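Right, one structure below, let's go through it.
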Amino acid sequence: MKNAVIFHGTDENPDSYWYQWLACQLRARGYRADVPFYPAINQEKLADFLPQVLANHEFNSETVLIGHSAGAPLILSILERINVEIAQAVLVAGYSQRRANAKNMDPILQENYNWDRIRGHVKDIYFVNSVVDPWGCDDKQGRIMFDQLGGTHIVRDEGHFGSTSNNQPYPTFELLIRLIS
């Protein structure tokens with residue numbers, strides 16, 4: 001069965017921004033779509049947090065993973081550790097390196113990634129970033145991941161694709177539903 005998991009960002013929840021809208025759109029297409037709540041994302045060390053995430057979800061050849069902000073490096077870590085090739089991953093406002101303007105030390109990040117292993121566990125990968133991301137999850141961060149993994153890098157001029165502090169409610173995200181097969 002086709003399944004999708006939508007991972008929220010730091011200090012967010014399943015009802016933030018476009019997450020529930022996208023889940024509803026995917027369910028209408030026959031997906032089992034989950035938007036789990038992980039309040040510890042980018043708060044706890046990845047080594048403590050990741051085993052819980054891996055145990056809570058099913059990953060198979062029909063899985064689609066979508067991550068926003070801190071949800072994107074979480075997906076990189078998932079892809080590095082699973083033993084199956086999933087159908088698709090979409091990393092929105094994603095990053096894989098420490099950001100200069102980050103409030104914390106980004107415990108969601110790994111020191112190094114096994115890019116070959118990640119690439120071997122996803123058939124199709126998209127990076128959606130903005131040139132004006134206020135948190136530093138910008139087009140340069142997307143390019144770093146694209147250079148390592150290939151796929152498709154989409155650069156927009158749309159902030160963080162959802163931000164409460166920057167008054168960017170982003171209730172829908174039409175581009176995403178077009179990207180997901």
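Scanning segment 129-181 for residues that are out of contact with any strand residue (DSSP E or B) (no Cβ under 9 Å at 6 or more places or on another chain) and among the polar types (S, T, N, Q) yields a count of 8. Elements of the type helices (runs of 4 or more DSSP H) sitting completely within segment 99-181 and holding at least 2 residues that are free of Cβ contacts under 8 Å to residues at least 24 places away in the same chain and within 15 Å of the chain's Cα centre (by Cα): these cover 139-149. Cβ-Cβ contacts under 8 Å between residues 6 or more apart (or on different chains), taken from a first residue in segment 32-50 that is surrounded by 15 or more Cβ atoms within 10 Å (Cβ to Cβ) to a second residue that is small (G, A, S) and modelled with pLDDT under 95, are listed as F49/A40. Taking the conditions (1) touching a helix residue (DSSP H, G or I) at 6+ places or on another chain (Cβ under 7 Å); (2) at pLDDT 95 or above in turn, A40 satisfies each one other than (2).
Are there any pairs, at least 6 apart or on different chains, whose C-beta atoms fall under 6 Å, with the first in segment 65-91 and part of a strand (DSSP E or B) and modelled with pLDDT of 95 or more and the second surrounded by fewer than 24 Cβ atoms within 10 Å (Cβ to Cβ) and among the aromatic types (F, W, Y), and if so, which? Sorted first by the residue in segment 65-91, then by its partner, the pairs are I86/F59; V90/Y126.
The condition (being assigned to a loop (DSSP other than H, G, I, E, B) and out of contact with any Ser or Thr (no Cβ under 7 Å at 6 or more places or on another chain)) is satisfied by just one residue among P51, P36: P36.
The values are calculated or read from the model by the stated rules, or taken from the named source; none is laboratory data. Remember, predicted model here, so these are calculated numbers, not experimental data. Using ideal geometry, Cβ is built from the backbone for each residue, glycine included, and neighbour counts are taken over all protein chains shown.
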